[in-house]
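Q: Got a structure here, written out as structure tokens. Questions coming.
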Amino acid sequence: MLQNRVNELDSGILDIVGDKVHTTGFTHEKMLQFFLDTGVQCWSSKGLYDYRDLEFCSIKNNALIIVRKDGKEINRYQYKPVHKDTVHYKNEAGKNVSLTFTIRKSFYSDHYHFLSETDSLLFNNKDELDEYLLEKFDTRCSF
């Protein structure tokens, strides 16, 4: 349930306290920043969930997620789309197929997220992403 909620947020703060996660959702990044700067209660949702490990590469495009543990910020996650393309290739059965994919770049790390209708893959850096695209689809992306 926590993963689903985080994936729905347009931006938010996750406060980890013990084995619980308090979520505070905002309609967009600017409202979250306004809350952090002023303390004005401009949130759009609140929730309480049992702690679970999360995959942050599944968050919405441009959503800012701040993670705090015991009141101290430990990480920020935000993925911004940088490239969208369609590739044509032969699948394992030798058939010509096409696949549309989006590449998102983490704003707070070197990670890249490859997202298609069949795959959601996280790469540590652009070199790893380039290697995957070359091996899997015999293509390169320039962005």
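Q: So, Val67, is that one at pLDDT 95 or above and buried (at least 17 other Cβ atoms within 10 Å of the Cβ) or not?
A: Answer is yes for this residue.
Q: Does segment 18-62 hold any residues that are farther than 22 Å from Tyr79 by Cα, touching a Ser or Thr at 6+ places or on another chain (Cβ under 6 Å) and surrounded by 14 or more Cβ atoms within 10 Å (Cβ to Cβ), and which are they?
A: The one that is farther than 22 Å from Tyr79 by Cα, touching a Ser or Thr at 6+ places or on another chain (Cβ under 6 Å) and surrounded by 14 or more Cβ atoms within 10 Å (Cβ to Cβ): Gly47.
Q: Would you check if Leu121 is within 21 Å of Ser58 (Cα to Cα), over 14 Å from the mean Cα position of the chain (by Cα) and hydrophobic (A, V, I, L, M, F, W, C)?
A: no
Q: Still on this structure, please answer the following. Residues to consider are Lys30, Lys80, Lys69, Lys84; find the one that is touching a residue at least 12 places away in the same chain (Cβ under 8 Å) and farther than 30 Å from Asp138 by Cα.
A: Being touching a residue at least 12 places away in the same chain (Cβ under 8 Å) and farther than 30 Å from Asp138 by Cα holds for just one of Lys30, Lys80, Lys69, Lys84, which is Lys69.
Q: Moving on. For segment 82-105, state whether one or more residues are of a type in the set (Gly, Ala, Ser), out of contact with any Pro (no Cβ under 9 Å at 6 or more places or on another chain) and at negative phi.
A: Yes, segment 82-105 contains at least one residue that is of a type in the set (Gly, Ala, Ser), out of contact with any Pro (no Cβ under 9 Å at 6 or more places or on another chain) and at negative phi.
Q: Can you tell me which residue in segment 116-143 is surrounded by the fewest Cβ atoms within 10 Å (Cβ to Cβ), limited to those that are basic (Lys, Arg) and either at pLDDT below 95 or in contact with a Leu (Cβ under 7 Å, 6 or more places away or on another chain) (or both)?
A: Arg140
Q: From the list Tyr77, Tyr49, which residue is of a type outside the set (Gly, Ala, Ser), farther than 28 Å from Asn124 by Cα and modelled with pLDDT of 95 or more?
A: Every option except Tyr49 fails the conditions.
Q: Given the structure, is Ser11 of a type in the set (S, T, N, Q), out of contact with any Cys (no Cβ under 8 Å at 6 or more places or on another chain), at pLDDT below 95 and surrounded by 12 or more Cβ atoms within 10 Å (Cβ to Cβ)?
A: no
Q: Next question, about the same structure. From the residues in segment 86-115 that are more than 27 Å from Gly25 (Cβ to Cβ) and surrounded by 15 or more Cβ atoms within 10 Å (Cβ to Cβ), which one is nearest to the chain's Cα centre (by Cα)? Full working, then the answer.
A: Going through segment 86-115, the residues more than 27 Å from Gly25 (Cβ to Cβ) turn out to be 86-101, 110.
Still in the running and surrounded by 15 or more Cβ atoms within 10 Å (Cβ to Cβ): 87, 99, 101.
On the way: Val87: 23, Leu99: 21, Phe101: 15 Å.
Taking the candidates together, the pick is Phe101.
The values are calculated or read from the model by the stated rules, or taken from the named source; none is laboratory data. Nothing here was measured: the structure is a model prediction, and the numbers come from that model. Every residue, glycine among them, receives a Cβ derived from its backbone with ideal geometry; neighbour counts consider all protein chains shown.
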